[in-house]
1. Build a GNM of chain B with springs between Cα atoms under 10 Å: which of B:161, B:272, B:40 gets the top mean-square fluctuation?
2. Hey, can you rank A:288-295, A:253-260, B:66-73 by average C-beta count inside 10 Å, highest first?
3. Would you please classify the overall shape of the range A:118-167 from the alpha carbon gyration tensor, given that a ≥ b ≥ c denote the square roots of the eigenvalues, rounded means a/c under 1.5, and beyond that prolate means a/b larger than b/c while oblate covers the rest?
4. Could you work out what % of the accessible surface of the range A:102-163 is carbon and sulfur, using a 1.4 angstrom probe and leaving DNA, RNA and ligands out of the count?
5. Check the straight Cα-Cα distances from residue B:249 and name the aspartates and glutamates below 14 Å, setting aside those fewer than 8 residues away within the same chain.
6. With all pairs of different alpha carbon atoms counted, what Kirkwood hydrodynamic radius in Å does chain A show?
7. When a/c is below 1.5 the answer is rounded, else prolate if a/b is larger than b/c, else oblate, so apply that to the range B:1-144 with a ≥ b ≥ c taken from the square roots of the Cα gyration tensor eigenvalues.
8. Taking a label point 7 Å from Cα toward Cβ, how far is residue A:62 from its twins in the other copies, in nm, shortest first?
Number of protein chains: 2
Amino acid sequence: MTPLPTLRQLQFFMSLVRRESFSKAAEECFVSQSTLSSAIKEMETLLDQRLVDRSTRTFALTPSGEEVATRAPAILAATEDLARAASGRRPLEGAFHLGVIPTIAPFILPRAAVRLHNAYPKLELFLREDLTAALADRLAAGLIDAALLAFPYDLPGIEIIEIGDDPFWFACDADHAFAKRRKLAKEDLGECDLLLLEDGHCLREHAIDACDLSERGGKASFDGTSLFTLAQMTRSGLGATLLPEMAIKQGLAKSVGLVAIPFTKPAPSRKIGVAWRKGSGRGEEAKAIADVIKEIFATSK
Amino acid sequence: MTPLPTLRQLQFFMSLVRRESFSKAAEECFVSQSTLSSAIKEMETLLDQRLVDRSTRTFALTPSGEEVATRAPAILAATEDLARAASGRRPLEGAFHLGVIPTIAPFILPRAAVRLHNAYPKLELFLREDLTAALADRLAAGLIDAALLAFPYDLPGIEIIEIGDDPFWFACDADHAFAKRRKLAKEDLGECDLLLLEDGHCLREHAIDACDLSERGGKASFDGTSLFTLAQMTRSGLGATLLPEMAIKQGLAKSVGLVAIPFTKPAPSRKIGVAWRKGSGRGEEAKAIADVIKEIFATSK
DNA sequence: TTTTTGTAATCGAATTTATCGATCGAATTT
DNA sequence: AAATTCGATCGATAAATTCGATTACAAAAA
């Protein structure tokens, strides 16, 4: 039988791939750098192949490394699903209606739907994409069981479990004055016009609040209706915009040819979480679903 | 993050499921019974669920145990494929023509094809099902690169790597005189008529040789053309037959309502292996393919 | 150039974990 | 009742993992 790498090694490796740094990955995995370093090395010995190219300054995987990076996530996900399915096993059967806002849905849901099905085969997931306000109404009316939203957002009578922090990135055309910058401070934004989503999208408010922007008039709020059209419009030279990291990491900026620039810490951000109506009896299920989404969110950084 | 069971634990568990015995499984895994026992226990603690029902005398899995037993093989297979794909990585690209005999093909190939594709995505596998003699000719002519055959079989100029031992089982209708027996010795066979595959199938020769049967005349060689029809005919009260274990384990006897009875050790058996033409240059690839098939063969016992 | 900084490899000690053999108790079989 | 089989458990021992400290190296800054 072929000797197998450890799941732990695969976790370390995937963290390494994500963070592109041994020490950062070690931090993420709550182990010392030496531990992670030797774990990777041992895996390389086992497979008899280099996985990471240490010769160049920039982080790079070898072909074998790419191979592992491609396959490992499915293995880890399947094992997590196994653990979930075999353990405590909340009900999580039958219909569950989940609302999601448009600035999250396309970047999380495709993978989440698969994972949820694997973890809870008997779960029938119904999805509804809508703005926060509309989802809150539906939540209150009991039309949906839970909602994947961005915060802060005042929602009385609602319980929330946090998924994580989603920082904003600055995105602009290659011709833009900031295009060559490696980092930006939010104070820099005072100088330039920004395209934002039309009113009603919480992303707009969150961006304005987080970056201390005033509600400035003028073309600054040209108003796109989705992050894809927004990115497209920005590309057409209409200015710059702010995009959530989860969209960046899914390749939104790259796919339309935009330059994406992170902010200096503390980076402005919105919070992502799952909400449900207090006393709806669906809290446990919502938490279980949040757990799966949290996994996906964490591993797509 | 959910704590994960170890691959090792999953391996132990699957071995336990296969062997239906802690000590047998421990033996198979080359560890002591106490080691395996505590590994299973630890996994149960981790998942906070019993996986094996120890209350009854007969081996039984709990629902959670079934869940794990269903999911674990895919995880282990995927990890093995990862290791194979990332390591040494022989060519194994492009076309590869593999011959398989009819008494093996249906019980191994479905899974083998999937695994081979995962392990070697660039491999294009072409299959040909035929009798040993025909495959040997094709091998010699270079029309196929390797063949999955049963042995012994005299094949000059051919190299072989062994996959494993495939014991014969006695299979009969519930009305048969032997139907209630738990075990049989091959000497018992002298008394009864046996249905065998028609001439040309090596399985026929192997069964006769292994069980010290003479070429008796009469209805004893009614002659089926495939194991499925053979099993069907046996079910129709035409007698009893000998089936290879790989077919039994795939449920062939059960699916047609036959009683399957193992032989006392040393059980009569045929050997399974992969053959290729000496000097064909395809030896390494054949070995790699044999490795994958070996996995499947071992885990389907 | 030299210094500084960030990054990864390495070493040795301490700890944790895994493994084994022996033994025990419960359930079956003889 | 005695013998057998099977799995759980215990304590000693061997093996591994882990960490912190240190070293080595390369790029960036002075």
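1. B:40
2. A:288-295, B:66-73, A:253-260
3. Details: a/c = 1.95, a/b = 1.25, b/c = 1.55.
Oblate shape, in that a/c is at least 1.5 and b/c is the bigger or equal ratio.
4. 55 percent
5. B:20, B:165, B:166
6. Values: mean 1/r = 0.0475 Å⁻¹.
After inverting the mean inverse Cα-Cα distance, the result is 21.0 Å.
7. Values: a/c = 2.94, a/b = 2.00, b/c = 1.47.
Because a/c hits 1.5 or more and a/b exceeds b/c, the range B:1-144 counts as prolate.
8. When each copy's label point is compared with this one, the spacings are 4.4 nm.
The values are calculated or read from the model by the stated rules, or taken from the named source; none is laboratory data. Small disclaimer: the values here were computed from a predicted structure and weren't measured. Ideal geometry is used to build each Cβ from the backbone, glycine not excepted, and the neighbour counts take in all protein chains shown. With ligands, DNA and RNA removed, areas are computed over all heavy atoms of the protein, side chains included. Shrake-Rupley method; radii C 1.70, N 1.55, O 1.52, S 1.80 Å.
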